Structure formats: structure tokens, C-alpha cells
Amino acid sequence: MEGRYEFVAPCHFGLEAVSKREISDLGYEIVRVEDGKVTFTGDVEALVRANIFLRTTQRILWKVAEFRAVTFEELFQGIKNIPWEEYFPKDARFWVTKATSVKSTLFSTSDIQSIAKKAMVERMKEHYHISWFAETGQEYPVRISIYKDMVTVGLDTSGESLHKRGYRKMVSKAPIEETLAAALIRLTPWNKDRILVDPFCGSGTFPIEAAMMGANIAPGMRRTFQGQQWKNLVSEEVWQRGFEEAQDLVDTSVKMDIQGYDIDPLIVKAARENAGRAGVAELIHFQQRPIHKLRHPKKYGFVITNPPYGERMEEKEDMPILYREIGEAFSHLDDWSEYIITAYEDAERYIGRKADKNRKIYNGMMKTYFYQFLGPKPPRRKRPEQAGKA
Ligand SMILES: C[S@@+](CC[C@H](N)C(=O)[O-])C[C@H]1O[C@@H](n2cnc3c(N)ncnc32)[C@H](O)[C@@H]1O
């Protein structure tokens, strides 16, 4: 399909600015930033590139309509007015895979789903002059969100959520989503020339996401997307071009100092295997090591980590000791910056230091904090012509 369209990228609450920056850096114009989503414009190539390259967004929705509805009749008519025949072939399988409603008159999501489906069928019936659709062809899932009575209708171009990169087969007990880990790394000033350590690495998400950034490995280059099935809308060639662009950009010869530690030897093994699948095994050093043994001889490194937060009641009582150990370990890291995401409310108290910055972030439905203990910037390296003059 030719033309310019609007796409909606749902992202983590509190991290919209990170996704906005990522989308602009990919070359697309931002239309709007709202709680938990960024809207941008582009052609069908934008849909392909957004799916393959964006690290921090949850999916890419192709916005097909936006209208106000306070009654089910208005919802029905609004959905029926959408030219579905331009998107769906006659044999398409189409349905509303998810509906959400916040601060709106229409709130029953199951009714919203079924009424919208009826309206879509009605539109298709009138267009094709048939009364029944076999729906034996490709899938076209639709998502509807209603916020303050404004209905946004989008085709789900991603399918499986974008946090599923395909590398994480083995996970720790409470793994962080890949998209959230990437957004948090992007929130810090870390770059591939700086040391990065995750002392509670679990399945390796932070180190792997950082290594993929450093080696320019696009998060979506090893998976497939729903939109690849839609030959009537996006040609195979455009997808091919997107994957080839991603392939051309990979540079695993980059030198990086990234380390992942965990107390659990089995999870360390799993992290190594996950890194292998992500194509970054050579770029990360994983090792079994408890937090109280964390040391590093160099200065100005970064810790970005997600320690246990006492998920179960019986683990809660171990938290003061663990967070004291974290504080003690950090005190040995000379001029480092440390970033911790945790739902543990007393983290600062037991670490023994107030964070320089703190940000509330929702990890799904769970309220967490991103504590930021900021170290100094490393001194600027002298350029060769200056070095001799001092
Ligand atoms: C919340 S999980 C980390 C999840 C990780 N970010 C991921 O995406 O898989 C916390 C991890 O801390 C590890 N852990 C618990 N106590 C530890 C200790 N004293 N030292 C080092 N690691 C520890 C656990 O084995 C677990 O893998």
C-alpha cells in the first residue's frame, strides 16, 4: 500500500520519552506522546522498520480509525465506517484480539470486542455482497482502545509482543521484559565504551540488551511479525529490505566490557545460552558470583540491575541483609554509577544511601522504582596533539 499512515507504539508507562527519542532517531515524525504510547507517521516501510529496529516499544499498531463513542450504536457505526475491505482480503480471519477501556462510558471489553466484530462483518458483507465469510485465510488481529470516550482502532502488525526477541528461552524467577530493560539502559548515559555490570543478571536480559545495542543488532532481526502475512498490504520485498538493512548494520567486532553475575549457577548457564541465541555470547562475561563478592578494579563503570525484591512473603525478611550487601558492594566501586530497578520499598534505607534520582516505573501492573546513584563522568581523554603539551 502506498501513502502515509499513523502508527501507534504502546510502551512502558513513565518511559514514553525514551520510545519517542528512539522513533525519531529511526527517522519518523512524532504526532503525539500520551501515557503509555507514542503515535508517529510513516509509510509501510516505517511499519516494517519500527517492528525490526525499535527496542523499547511493545508492538506497532497501524491506526485505521479514531472516533468518539459513548453508546454501542456509535461504536458499531464508527467501526462499520472503516473501509475494512481495503485492509482485509475476502478470506481474511479478522477479530478484536484485545480491547481496553479507561475513563470511558463504554467499559465492557467483551461487549466492545463482539460488537466491533459484528460491525466489521457487516461492512465486509456490504462490500462483497455475501452473507458469510469462511475466514480461512491470513490473520488480521485488531486492537481497540477507548480512552475518555475516544476509540482508537489499530491493526496489530507485530503479533507476538516485541519484547519477545526470540533469544530468551530460559528465564529466571522474575525476569524483566526485554523492552523495559532496553528502555532503562537508554535512560542512563551508558554507551558501549563504558563498563557495564549486572550483579543480579538472572537470565541475562540487561547484559544481552546492552550488548545488542553496542553491536548494532536489531532486536527484531531473528523473529517474525504478523504483518509479514499481509501480502496485500506490505510486499515481501519491503520486509526483505528491512531484514537486510538490519543484517548490514551488525558489528560484533566491537570491543565492550559487559559482565553478568548471579548467585545461581544454573541461571548463569541459561544466561550464557540466551546470549548465544542473541548473537552476543562473545561480548559478555557471565560468572557465578554472589553480590558480596562484587569487585571491579576500574573506575567509572555502570551497574544496571534488577535485584530480588522479596516476591514471596517468606523472602521479604531476607531483603534487609541483601540490600545492605548491595550498599556495601557499591561502596567498593570507585566513581561508578549504579541503577537499580526494584519493587522493594526500603531499598534506599538498607543500601544506606539516598538515590540522586528516583523514578516510578510500572513493570506491568507492579509499581517499581528506578533508583539512580550517579557517579562522576570520566575525565575527557586528551587528543593526541594535546597529550604532549601538558
Ligand atoms: C529479579 S531476578 C533478576 C532477573 C533478570 N533481570 C532477568 O531478566 O532475568 C534476581 C536474581 O538475583 C539472583 N540473586 C539472588 N540473591 C543473590 C545474591 N546474593 N547475589 C547475586 N545474585 C543473587 C537470583 O538468582 C535472581 O536470578
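The values are calculated or read from the model by the stated rules, or taken from the named source; none is laboratory data. The shown structure was predicted, so the numbers you read here are calculated from the model rather than taken from an experiment. Virtual Cβ from ideal backbone geometry, glycine too; neighbours counted across all protein chains shown.
Listed values, structure above:
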| item | result |
| --- | --- |
| Top-ranked residue of region 200-210 - restricted to ones that are touching a strand residue (DSSP E or B) at 6+ places or on another chain (Cβ under 6 Å) and more than 7 Å from the ligand (Cβ to nearest atom), ranked as nearest to residue 285 (Cα to Cα) | 207 |
| Test for residue 133: is it closer than 28 Å to residue 42 by Cα and without any contact (Cβ under 8 Å) to a residue 60 or more places away in the chain | no |
| Filtered residue count, region 317-343, keeping only those that are surrounded by fewer than 21 Cβ atoms within 10 Å (Cβ to Cβ) and under 18 Å from residue 363 (Cβ atoms) | 2 |
| Total residues in region 166-195, condition aromatic (Phe, Trp, Tyr) and assigned by TED's automatic domain parsing to the domain that holds residue 255 | 1 |
| Every residue from region 99-135 that is among the polar types (S, T, N, Q) and at pLDDT 95 or above | 100, 101, 104, 105, 108, 109, 110, 113, 114 |
| Subset of region 236-248 that is touching a helix residue (DSSP H, G or I) at 6+ places or on another chain (Cβ under 9 Å) and not acidic (Asp, Glu) - its residue that is nearest to residue 158 (Cα to Cα) | 239 |
| Test: residue in region 77-85 that is among the basic types (Lys, Arg), closer than 24 Å to residue 138 by Cα and not assigned by TED's automatic domain parsing to the domain that holds residue 187 | yes |
| Selected residue [over 27 Å from the mean Cα position of the chain (by Cα), in the same structural domain as residue 260 (by TED's automatic domain parsing) and either more than 19 Å from residue 258 (Cα to Cα) or not acidic (Asp, Glu) (or both)] from 357, 367, 316 | 316 |
| Single condition residue 94 does not satisfy, out of (1) closer than 19 Å to residue 158 by Cα; (2) more than 30 Å from the chain's Cα centre (by Cα) | (2) |
| Test set (1) of a type in the set (Lys, Arg); (2) within 31 Å of the chain's Cα centre (by Cα); (3) under 23 Å from residue 232 (Cβ atoms) - residue 68 fails condition number | (3) |
| Contacts under 8 angstrom Cβ, first residue in region 345-361 being under 24 Å from residue 12 (Cβ atoms) and crowded, with 16+ Cβ neighbours inside 10 Å, partner at pLDDT below 95 and of a type in the set (Val, Ile, Thr), 6 or more apart | 361/368 |
| Unique match (being touching a Pro at 6+ places or on another chain (Cβ under 7 Å) and either crowded, with 21+ Cβ neighbours inside 10 Å or modelled with pLDDT under 95 (or both)) among 267, 258, 304 | 258 |
| Filtered residues of region 140-199 (kept if more than 19 Å from residue 286 (Cβ to Cβ), in a loop (DSSP other than H, G, I, E, B) and within 12 Å of the ligand (Cβ to nearest atom)) | 163, 177 |
| Helices (runs of 4 or more DSSP H) lying entirely in region 249-360 (those with 2 or more residues that are within 14 Å of the ligand (Cβ to nearest atom) and closer than 27 Å to residue 170 by Cβ) | 265-278, 313-316, 319-331 |
| All positions within region 1-27 that are under 24 Å from residue 221 (Cβ atoms) and more than 18 Å from the chain's Cα centre (by Cα) | 1, 5, 27 |
